[in-house]
Amino acid sequence: EELLKQLKSKLSSKESEFLIHEQATTAECESLEKKLAAKIRELNEMRERKEIEDMLVVKLQVNTADLHEKETTIEQLQKEKSELIKKVSVIAETVDIKQANEANLQKEVEYFKTKFSELLTAVEEEKKKGSELEKAIGELSREGQSVKGAAREMEARVAESEKREKALAKRVREME
């Protein structure tokens, strides 16, 4: 019975540890999912900004063509061309920066996807461990039943032995 109590205590302790670990893993998964969703939203916003910038670049090119047609003097054309080149350069730098940021965000999204996959794998492993623990509980329960059966059998033998001893003592007294 003492062994059975110890086994039950150990089992209860292991079950508690497993539940705590499973809750922590689930919380970490949920946190990573939220971070991933935020990064994806940020990436989508970056893409939308890039599309707007691309549209602005196209409009700038159209305006440049219109200016060339409307301007009559070389001096005016050169000034406007110089200004447009500066603007295009700034936009190109901005686009390059945005593209670099988008690439970095994509890397972070991939990193979070990998981490999320690893956490899912860890959860599956913990579930397998829980299944193994349940099997061990079943085995311990069966062993406990065996021990109880053996104890009852021993008690029956002891009782039978005591009966024989009393009968022998009674015969000895009768013989005396």
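Values quoted throughout were computed directly from the atomic coordinates according to the rules given, and no laboratory measurement underlies them. Just so it is clear, the model here is predicted, and its values are computed rather than measured. Using ideal geometry, Cβ is built from the backbone for each residue, glycine included, and neighbour counts are taken over all protein chains shown.
Structure notes:
- Remark: segment 2-175 projects, on average over all directions, an area of 13.4 nm² (convex hull of Cα atoms).
- Relative contact order, percent, the chain [alpha-carbon distance under 8 Å, six or more residues apart]: 39
- Ranked Leu168, Leu43, Leu60, criterion: other C-beta atoms within 10 Å, fewest first: Leu168, Leu60, Leu43
- Sorting His68, His21 by the number of Cβ atoms found within 10 Å of their own Cβ, with the fewest placed first, yields His68, His21.
- Within the chain: Cβ-based charge dipole about Cα centre, in debye rounded to nearest 20 (Lys, Arg +1; Asp, Glu -1): 1060
- Hull shadow area, averaged, segment 123-171 [alpha-carbon convex hull, nm²]: 3.0
- Phi-derived couplings, Karplus 6.51 cos²θ - 1.76 cosθ + 1.60 at θ = phi - 60°, listed residue by residue for segment 91-103: 5, 4, 5, 4, 5, 4, 5, 5, 5, 5, 4, 5, 5 Hz, with x used for Gly and Pro.
- Among the listed pairs Lys34/Lys107; Lys113/Lys135; Lys50/Lys81; Lys107/Lys128; Lys35/Lys98, those beyond 28 Å (Cα-Cα): Lys113/Lys135; Lys107/Lys128
- Efficiency of FRET from Cβ geometry, Ser82 and Glu30, R₀ 45 Å, rounded to 0.05: 0.25
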